[in-house]
Each structure stands twice: as C-alpha cells, then as structure tokens.
Amino acid sequence: MKRNEIMNSFLSKLNPFYDIMNIFLTLFTLGFLVSNLLSGFDLVYIILTIGIVLVGSLLFVMRHHINIKIKIRITLLVFVIFFMHSLIKNGFIGSGIFAFCIYIIMAISYFDLKKSIVFSSIGIILLASVAVMINQGVIDLSMHLKSVEAYKSEWYNQVLTAFSFIVVSYITISVIREHLINTLLENETAKEVLENQKNALSHYQEELEKIAYYDQLTGLFNRQYLRSILDHRKGIPLEDFYMIAILDIVNFKLINANYGMESGDTFLKSIAEIIQTNLPVGGILSRIGANEFALIMPKWTYEDLRVFSEHCYEAFESVKNMVSILPKQPYVIAYHNWYPEENTIDEMIKLLSIAINYAKENHLNGLVAYREEMKEQVNRQGLLLSNVERSIADDAFQVWFQGKWSSKENKFVGYEALSRWFDQEHKVISPGEFIPIINNSQYMKIFNQYIIRKSIVSFESIQKVSKNRLSLSLNISPLFFLLDDFEVFINSVIESSTLDKNQIVLEITEDVFIEDYLPISDKVDVLSKDGFKISLDDFGSGYSSLSHINSIKMDEIKVDRSIIVNLETSDKSQLLIELVIEMAKRLGISVVAEGVETKIQADLLTAIGIDIIQGYYYSKPQPAEKLITDLTEM
C-alpha cells in the first residue's frame, strides 16, 4: 500500500514535467507537419501529425482536469501509432526509432515494475514484427531507399542500438526508481514512526496534565491547578483580592457507606455540575477533597456569595432523590477574603478547612465566615480524633450507668449507658465535647458499635445481680441510626447476649428530625416489631417535638433538662410538663424527666405525675463495677 502511495506521489510530481514534454512534442510534431507540407504531400502522415498536434493541444488545455495516468496512456498510444507509421514507411532511418525510444522511456518511467515490463514488451514485439515483415518482403522499402543492401546494414545497426538503448534505459531507470522508492519508503516509515512518537508523546503529555491538574471524577480543576495558576501567577491576572470559599457536602461519608462508591461518585458529579452552572463568569471551581469544592471569585462580596448559595440550594433539590440521607441544608460554605500577596492558596484552604470543621462540630450550616478563634477549637478536635482509634484498640473508653427512678414503684427500673473518656493524665474529657466530634468523623460507625457492644456486656453483669428486671437505654447517634445496616447490627448484638430486645430502649435525639431527613417511620416500625422500645430524647429543646410524636411511633419521651432546670421558678415550665404528661398518657407514651438535681424538682415532678425521673438527685453516673457492687450489697 505504501509503495503504491509513493508511486502515485512520484507520478503526481512528474506531472509538470510531463506537461512540458507534451508541449515540446506537440511543437516538434507541428514542425514535422510543416516540413512535410513543404517537401511533399503525404496524406497519411499529414493526418497523423494533425491528430497528434490536436491531442497534444487538448492534453495541454485540459492538463489540470486529466489524471496523469490517463495522460500517459493517451501519449503512449499516440507514440505507438506514430512510430508504427514511420517504421512502415521509412524503416529505421526515419523518426520511428525516435518515437519508439520515447515510448520505452515513458513506459519505464511512469509505470511500476510489472506495467513497465508489459509496455516495453509490447513495444519490442511491435518493433520485431515490423522488422520481420521488412525482412520477409511484406513491407517493400526499395522505393524509398537508394540501396536495399545499405538499408539492411543500417537496419541491423538500428535494431542493435534500439535494443541496447532499451536494456540500458530499463536497467538505469529501474535501479534509480527503485532506489528512490526504497529511500522514500524508509523516509516515510521513519517519518511515520516519528509522527507516531510525537502523537504518543503529545497524548501522554495531555494525560499527565489531566492527572496533574484535573480531578479525574468530575473533570474540575484540582488543588495543584490552583497552586499553578494562582501561587505561581500563571494563566490569569491577579486581582487585588478574591473571595475564596469551600463548599462541603454534609454527611457525604454516609452516602458512600449506604449506597456504595458508584452512587457516591454519580452524586458528586451532579453536585459539581450544579456548582459549575451557578458559578459566575470569572470564577474558578475546583475539587480539593472527597466532598469539598473550592470556589475563587474576584472581588466578591458576602451578598454575591449568598445569592450563589441560594441558587445552589434550589438546584440541589433536583439531586436529593438520589440519596435519602441528605439533610435539609445539604452543604456548608466557609468563606474568607484572600489577598494573594499575603497568603498562598494552601494556607487559605487550611484556614477554611478549620472553619468547615468548626461548623460541623457546632452543627452550623449555610454560610460560615472564618474567624481566628476557630483555630484553637479545631486543633483541640484534631488532637482528640488522633487518639480515637488507639483508645478503641486499647479499650480506653468506659461506659458508666445512670439510674432511671420510678416515682410510682419507688425503685430503679432501668439505666442509661453513658460514654466516658479519660486522657493520659486520667482527666475527664467531656462527653459533650468528644461525642459530637467522633460522630462527625470517619470513626462514627466503629465508635458507636464499640460503645453499644461494651454497654451490652456490662449491663448483662448488672442484670445478673439485680433483683428487678431492668431496661437499658442506649443513646443512638442520628447518623448511626440512619445507616442501612443499623437494624441488622443491633439485632445481632442483642441476640448474641442474654438480654431481651424489649429491655432495650433506643434513644433517638431530635437531631434525626431537625436535619429534615426523609421520614424514618418505617425504620422505627421495624425496630418496634423486633421488640425494641423507642425513646425521643431532648424533647422540648426548641424543635417541633409535637409533630414528631404525631408522625413517629414512640414508647417514651424524655423531657429536656432545659425545661426541668426552670421548674422551681417558672410556672410556664410546670404547665408545659403537665401538658406533656397529659398528652403522653392519651397517646400511651411513658414520660421521663432528665437532669433532675434537687429534691424540690423531684417532688414537683412526682406531684405532677411524671413516670420516671433521671438525674443527679437519684443517681449519678457510675462505672459498672461500682454499680454491681452497690446492687450486690442491697
């Protein structure tokens, strides 16, 4: 294939030379025609020469519209006719031998090896045929020649010369042509190799650039790209200042855990498209983490960011159906003004990451501005998280128990399991500090599973020494409760213990509802049918608790201590508790008052008709070992 392409290329390059030769031969033939007219009238010769002149002229006029191969075939045909006429009329003394030689040269030059042999053979056969006819007297040349003997001698010389010319021309032209073609083939091969290497190198360079500067999942820029164009002043002119923001998808780790990596990737691509669509001209968007996107906007104000956030919020509604565990506000945006001459892009991202972590630990959503005081809290959180895995492995977390006192039966009817953590100096780390941090980290699942197992094992020992059948209340993290495998886990743990499921009270905080997750009534119904009791914790802490009771099947509600603390001085608090008790009785729900610390509070609650009281007044949290000792001595 390559050889044919080179031959065609060779012919196309010979095209201009052919046109020049055609002009020369046409003029030369025209001269013969004039000479013949002046010297004597030969009708056949005149017709032939006129035909040749016309053909040559037509080829010249149509030179840009006729293929070179067609031109060559027409010319060869003309030369065959011309030299045949000349040989018949004048033998080898005339111009026929000249036409024959041109015919051979053209056949060898313009065609490939096989075709040149065919055309040369045809010419030789024609030449030999004429020679035989002359020798046999079929063609009589005596009338044109002065001496036949002289002619025969000339005939042998011309034939020898013609054949010698053919052989030498064929060898010379073929060798030169083959050498040129082989050289061209080698050059073309080398050129093709170089071109392929160049294309491959270009492709690899593009792929390396994509890997280096683009996120492979979303196609957005990555952090390295931001460094390249901003820190090194490449690509775009720097403004006096930028607003830089990080948009973090809330609870994204649960999407991967519940729905798998593929669904998580699909969700992320949809989110990236939404952000990109709403980003104004001039803004830069990049993905800098699993669920974090950096936005850089020249000279943006808070109002600009607020409008952008509202547009994204509206667009997010279209992807919420992909996952069922997105909160109502599915993202948090931390922002700060950035002056490139003062901080690098990495320094700014680090500061905004602090703001993101601060927002998560303090349950903040929407827009959060970075503040310097966030650093200390986030550093503390980072220190705690760095010790979680080791503390679980070393069994450093403890489970303490606080009693639930029945005012009617005048005894403890159950206990709540509470997590405790001590640092290396055995100082208490507040549960209010470490539990939210862990529940918003990658350790959420393993920590909750660990604490629940530990609580069950300890409570089995407590139940063995107790004279009464007791209940165990377990605080369930909202995120842990929403995991698809929560029911399987809690059932398997209880079934492998000596406890009954109806002894277990699963305390769900109102966070499950205030985050506006999709209805969880189906999950609660399944757990209730399994035998577990469901308790709504922190009831009345400021959210729409009544609607939760109406929509979700509950066995127990725990009145938040913020109401109990004002019970002694606030008639409204007392009235509210009375209303709650009345409502709960009608619904068949037990009421627990938590955070009771004084005798006055306990007496008031007993008088109102509260079912169960929990707090320091009756029982302080204590380790299982001490509680077992106390129960044994009773």
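Where a number appears in this text, it was derived from the coordinates with a stated rule and is not lab data. Computed from a predicted model, the values in this text were never measured in an experiment. Backbone-built Cβ (ideal geometry, glycine too); neighbour counts: all protein chains shown.
Applying 1/(1 + (r/R0)^6) with R0 = 35 Å to the Cβ-Cβ distance of residue 457 and residue 553, what FRET efficiency is obtained, to the nearest 0.05?
On the way: r = 29 Å, r/R0 = 0.83.
Plugging the Cβ-Cβ distance into 1/(1 + (r/R0)^6) gives 0.75.
Considering only 363, 388, 403, whose Cα is most displaced toward the positive end of the charge dipole of the range 309-423, charges sitting on Cβ of Lys, Arg (+1) and Asp, Glu (-1)?
Checked the options; the winner is 403.
May I ask you to compute the full-extension gain from residue 406 to residue 269, defined as 0.36 nm times their residue separation minus their alpha-carbon distance, rounded to one decimal in nm? Intermediate values should be presented prior to the final figure.
Working: separation 137, 0.36 × 137 = 49.32 nm, distance 5.39 nm.
Full extension from residue 406 to residue 269 adds 43.9 nm.
For the pair residue 489/residue 599, report the inter-label distance in nm, with labels modelled 7 Å from Cα in the Cβ direction.
A separation of 4.4 nm, rounded to one decimal place.
Dipole of the range 280-355 (Lys/Arg Cβ +1, Asp/Glu Cβ -1, origin at the Cα centre): which of 332, 345, 302 lies farthest to the positive side?
Among 332, 345, 302, the one farthest towards the positive end of the dipole of the range 280-355 is 332.
Hey, rough spin-label estimate for residue 346 and residue 70, points 7 angstrom out along Cα→Cβ, what's it come to in nanometres?
Between residue 346 and residue 70, the simple spin-label model gives 7.0 nm.
For the peptides 477-488, 395-406, what is the packing order when you average, over each peptide's residues, the other Cβ atoms within 10 Å and list the highest mean first?
Working: 477-488: 17.9, 395-406: 19.5.
Ranking, from highest mean packing down: 395-406, 477-488.
If you add up the charges near residue 400, with Lys and Arg at +1 and Asp and Glu at -1, over every other residue whose beta carbon is less than 12 angstrom from its beta carbon, what do you get?
+2
Pull up all non-local amide H partners of residue 532: gap of 5 or more, or a different chain, and H-to-H distance under 5 Å with H placed in the peptide plane.
HN-HN under 5 Å from residue 532: empty list.
Find how much the distance from residue 337 to residue 632 grows on full extension, using 0.36 nm per residue of separation minus their present alpha carbon separation; answer in nm with one decimal. Write out the running numbers ahead of the final one.
On the way: separation 295, 0.36 × 295 = 106.20 nm, distance 6.36 nm.
Result: 99.8 nm gained on full extension.
Taking amide hydrogens as modeled 1.01 Å from N in the peptide plane, which residues meet the under 5 Å criterion relative to residue 243, leaving out close sequence neighbours?
Answer set, sorted by chain and number: 297, 299, 300, 338.
Compute the Cα gyration tensor for the range 340-454, then decide on rounded, prolate or oblate, letting a ≥ b ≥ c be the square roots of its eigenvalues: rounded whenever a/c is under 1.5, prolate when a/b is larger than b/c in the other cases, and oblate in all that remain. Don't jump to the answer; show the numbers that get you there.
Details: a/c = 3.04, a/b = 2.13, b/c = 1.43.
The shape class here is prolate.
Treat every Asp and Glu Cβ in the range 550-607 as -1 and every Lys and Arg Cβ as +1, leave all other atoms uncharged, and give the resulting dipole magnitude about the Cα centre to the nearest 20 debye.
On the way: 7 positive and 10 negative charges, 39 e Å.
Taking the Cα centre of the range 550-607 as origin, the dipole is about 180 debye.
What whole-number distance in Å separates the alpha-carbon centres of the range 285-308 and the range 444-471?
Going from one Cα centre to the other spans 46 Å.
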